[in-house]
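> Just passing along the structure, written as structure tokens.
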Amino acid sequence: MSDFEVIRSFVSNSDFSEEMKEALMQCIALEIQDAGPTEYLNLVKKLSGE
Amino acid sequence: MKINRIEIANFGIISEISMDISSKAGSLVFLNGRNGRGKTTFQSALKWCFYGDEPEPTKFLSSFALNEAKPGQTINTGVITEIVMDNSGLTAHIERLQVFQKTESGGAKRVGQPQLIVKTRKSEKGAFTDVLANPEAWIGNYFPRRLMDFFLFDGEKMKNFFDLKVKGAVESAVREIANVDRFENIANQMSSAEATLNRKISKLTGAKAEKINMQLEAQQKLLVDLYLDYQKGEAELSGKKERKEEISVILSEREGLTDAAERLKFMELELTSHREANTQATQDFQTEILTNGIHGLLVSSFPELRKQVSLAKAEDRLPPPFEPDRILKLLDEQLCICGTDLSPGGKEAESLKKLIEKFQVSSILGKVLDTTSKQVDLLEQKMATGWKVIEDKNRAIEKSTKDIERVEAERDRLLEKLQDHDASEIRLLAQERKGLDKSIEKLISENATMLAQSEAATHKLETLKKEFELASKGNAEAETLKIQAVFAGEVAKSARQIHKIAINQVRTRIQESFTEKFSSIKNGKFRTEITENFEVRTLNEFGEETELSEGEKMMKAYIFSIVLREVINLGFPLIVDTPFGRLDSPNRAQLAKMLSVFLKEEIAGSDRQAFFLMQDTEYTPYTKKYFETLKPIEAYLAKDVKFENIKSSLGYGIDPDWLLYEAWKDWAEGKIG
């Protein structure tokens with residue numbers, strides 16, 4: 001539970017596109033780090049540019 | 001996870017105990033003790049250690065420690081739990097401490113705030129080197145407060161668990177499993193990124209776009225506020241409904257006691273009235289008995305008189321219905337009032353003279369006899385009436401005695417029911433329920449209004465988004481930012497969707513596992529359904545909701561707790577105060593069977609463990625037999641001979657005190673296998 005395995009499994013088992021799954025996984029990684037708004041904004045810029 | 005060591009100091013009745021089971025094999029720990037020895041204190045101490053929830057002030061600082069301390073001296077109330085987190089040996093030392101100081105007046109004051117320290121080490125032995133900077137967050141992660149009820153269980157409440165707490169508990173558990181807060185947070189972070197990007201776009205594309213964006217942000221804020229208010233309202237509604245259900249159960253348990261105080265008062269009045277009636281009837285009865293007794297004596301003292309009267313009647317010697325003097329006067333006048341000639345020497349006159357002479361002889365005695373006889377007759381009549389009155393009064397005494405007995409029995413029954421309950425508390429509960437009904441109605445209406453407002457705001461938001469899109473067209477940099485903003489919006493939407501999906505998936509998994517276990521235990525085709533509102537219903541093979549006994553309800557709570565551990569991969573021990581409560585022997589055997597499977601399985605890469613805190617009426621040699629294969633570690637909280645009511649100490653095995661009595665004595669003598 002502490003290692004976010006459960007919520008990761010929800011994302012990987014979902015019907016979202018691979019792009020969205022990847023985005024959500026990266027968001028979970030940010031959550032683990034207790035990241036703030038800047039990191040999320042950077043993630044959006046990075047992922048939407050790919 | 002496996003607790004290795006628990007140390008409690010100066011907490012309630014527990015002055016100082018150190019329970020070290022690190023070298024003992026086994027996953028089941030029995031901590032026994034008679035009532036008042038500190039079992040509940042033990043659980044309460046753990047609750048404080050992990051969650052910081054303090055017991056009532058009188059049950060916090062040990063009164064023994066306070067008595068022993070000198071004024072000005074400090075006393076440390078502390079609890080340490082050492083717990084092996086996983087099979088790699090990672091071990092945590094969790095310590096909570098509150099310092100008190102004894103005042104001059106003999107009371108206690110706190111010195112500073114309670115402190116929480118969490119230290120870890122990478123193996124089961126050695127020093128705890130890693131002191132955690134944020135111990136609260138660490139505990140929140142491994143022992144989520146929302147799952148506290150599944151960690152520190154109260155067996156006494158288990159029978160009502162699915163009636164009172166479960167809706168909130170299931171919802172909390174499911175949300176915890178789904179880590180819903182994280183998805184919520186991701187969604188909020190992405191929405192915030194979207195808003196930041198839109199702000200930049202609006203600045204790049206001119207005043208009109210900026211203005212629309214401001215409206216857009218205001219609308220978004222309104223929606224968030226509405227959502228938060230709605231959630232708050234729903235939580236409040238759920239809390240109030242839960243409280244109402246709780247009150248209803250309490251009141252139904254104390255059925256008929258709602259107006260107990262008034263009824264008692266009325267009964268006392270009724271008793272006084274019946275007692276007065278009884279006293280009056282007794283007095284009347286006694287008076288009547290006395291009067292009739294005297295009459296009886298009088299009547300019975302004249303048997304000869306009665307005999308004489310009867311004889312006089314038979315011989316026609318009783319006074320005639322006319323006066324002889326009057327007849328004599330008629331003779332003197334020589335003419336009867338009926339016109340008969342009464343001349344001297346005549347036949348009628350002679351005959352009348354003879355009759356008068358006869359009556360003149362008997363008249364005096366006859367008069368006396370007649371008067372006395374009439375008086376005796378009167379006395380006899382009075383006696384007959386008196387006996388009737390006596391009978392009536394006797395019936396009245398019997399009735400009022402029965403009334404007194406009935407009302408006294410009724411009052412005693414009520415008092416017995418009230419023994420553990422305060423009548424005024426019951427009245428207050430009934431009043432509170434009425435108040436809750438009104439609040440619930442109001443909240444339902446307010447929440448419905450908020451939903452409608454939210455729909456309207458969403459519609460307006462969509463319109464503003466379109467307007468913003470049009471107003472911000474034409475700027476190359478803005479177009480790039482728009483792509484980013486749309487992407488952020490999509491991620492936010494997906495995060496919210498997955499949150500819902502996750503909850504449903506977990507709900508389904510719990511439902512399936514629960515159904516399987518409960519059905520297997522009950523040997524029937526029971527199905528458990530967890531509704532979208534997180535209500536746990538047990539259905540029979542025809543899909544109808546079934547009524548469960550209190551023992552079955554307890555088993556259901558156990559199963560739910562075990563299922564949660566399996567579905568969540570929840571590793572913390574199961575610590576139950578009064579674990580058997582309403583469980584009869586077959587259910588105890590079933591529980592032992594279920595636990596033996598549960599405790600043998602690993603969970604989240606760590607061992608499982610259960611603590612049962614039991615009193616002598618629930619832990620008997622017969623119950624012990626069910627758990628023999630699990631080889632429980634047995635410990636007990638014993639009374640301190642010198643400080644019986646304020647200090648308990650810890651021992652291992654069966655309390656020697658128990659072995660002196662009944663079944664445990666037979667067990668010690670080998671009479672119970």
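> Against the definition (of a type outside the set (Val, Ile, Thr), modelled with pLDDT of 90 or more and surrounded by fewer than 20 Cβ atoms within 10 Å (Cβ to Cβ)), how does B:Glu16 come out, yes or no?
In short, no.
> Let me ask another. Among the residues of segment B:124-134, are any within 40 Å of the chain's Cα centre (by Cα) and closer than 30 Å to A:Asp34 by Cβ?
Yes, segment B:124-134 has at least one match.
> Kindly provide the set of residues from segment B:542-572 that are touching a residue at least 60 places away in the same chain (Cβ under 8 Å) and either of a type in the set (Phe, Trp, Tyr) or under 30 Å from B:Thr91 (Cα atoms) (or both), ordered by number.
B:Ala557, B:Tyr558, B:Phe560, B:Ser561, B:Leu564, B:Arg565, B:Val567, B:Ile568, B:Leu570, B:Gly571, B:Phe572
> Let me ask something additional. Based on this model, can you work out whether B:Arg537 counts as on the phi < 0 side of the Ramachandran plot and either β-branched (Val, Ile, Thr) or within 28 Å of the chain's Cα centre (by Cα) (or both)?
yes
> Residues of segment A:10-30 being within 7 Å of chain B (Cβ to nearest Cβ) and either over 8 Å from the mean Cα position of the chain (by Cα) or of a type in the set (Lys, Arg) (or both), which ones?
A:Phe10, A:Val11, A:Ser14, A:Phe16, A:Met20
> Within segment B:638-647, can one find any residue that is modelled with pLDDT of 85 or more and in contact with a Ser or Thr (Cβ under 8 Å, 6 or more places away or on another chain)?
Scanning segment B:638-647, I find no residue that is modelled with pLDDT of 85 or more and in contact with a Ser or Thr (Cβ under 8 Å, 6 or more places away or on another chain), so the answer is no.
> Please work out which one of (1) assigned to a helix (DSSP H, G or I); (2) in contact with an Asp or Glu (Cβ under 7 Å, 6 or more places away or on another chain); (3) away from chain A (no Cβ under 14 Å); (4) touching a residue at least 24 places away in the same chain (Cβ under 8 Å) is the condition B:Phe534 fails and give its number.
So B:Phe534 meets the others, but not (1).
> If a residue has to be closer than 11 Å to B:Leu223 by Cβ and of a type in the set (S, T, N, Q) to count, how many in segment B:443-466 make the cut?
Counting residues in segment B:443-466 that are closer than 11 Å to B:Leu223 by Cβ and of a type in the set (S, T, N, Q) gives 3.
> Now, a different point. Condition first: touching a Pro at 6+ places or on another chain (Cβ under 6 Å), closer than 23 Å to B:Gly651 by Cβ and crowded, with 22+ Cβ neighbours inside 10 Å. Can you find one or more residues in segment B:39-48 that meet it?
Checked against the condition, which is being touching a Pro at 6+ places or on another chain (Cβ under 6 Å), closer than 23 Å to B:Gly651 by Cβ and crowded, with 22+ Cβ neighbours inside 10 Å, segment B:39-48 yields at least one hit.
> List the helices (runs of 4 or more DSSP H) inside chain A, counting only whole elements, that have at least 1 residues being within 14 Å of B:Phe487 (Cβ to Cβ) and modelled with pLDDT under 90.
Once the helices (runs of 4 or more DSSP H) in chain A are filtered for at least 1 residues that are within 14 Å of B:Phe487 (Cβ to Cβ) and modelled with pLDDT under 90, what remains is A:37-49.
> Filter segment B:203-224 down to the residues that are more than 56 Å from the chain's Cα centre (by Cα), in a helix (DSSP H, G or I) and in contact (Cβ under 8 Å) with a residue 60 or more places away in the chain and list them by number.
B:Leu204, B:Lys208, B:Ala209, B:Ile212
> Of the residues that sit in segment B:466-485 and are more than 11 Å from B:Thr205 (Cα to Cα) and in contact (Cβ under 8 Å) with a residue 60 or more places away in the chain, which one is nearest to the other protein chains (Cβ to nearest Cβ)?
Per the criteria, the residue is B:Gln484.
> Is it the case that some residue within segment B:418-428 is in the same structural domain as B:Leu216 (by TED's automatic domain parsing), over 28 Å from B:Gly551 (Cα atoms) and at pLDDT 80 or above?
The answer is yes, given that some residue of segment B:418-428 is in the same structural domain as B:Leu216 (by TED's automatic domain parsing), over 28 Å from B:Gly551 (Cα atoms) and at pLDDT 80 or above.
> Say we look at segment B:581-631 and pick out the residues that are among the aromatic types (Phe, Trp, Tyr), assigned to a helix (DSSP H, G or I) and modelled with pLDDT of 80 or more; which of these is nearest to B:Gly571 (Cα to Cα)?
B:Tyr626
> Additional query: So which residues in segment B:182-199 are at the interface with chain A (Cβ under 10 Å from one of its Cβ atoms) and within 10 Å of B:Ala478 (Cα to Cα)?
B:Leu197
The values are calculated or read from the model by the stated rules, or taken from the named source; none is laboratory data. Treat the numbers as computed from the prediction; the structure is a model and nothing was measured. For neighbour counting, all protein chains shown are included, and Cβ atoms are generated from backbone atoms with ideal geometry for every residue, glycine included.
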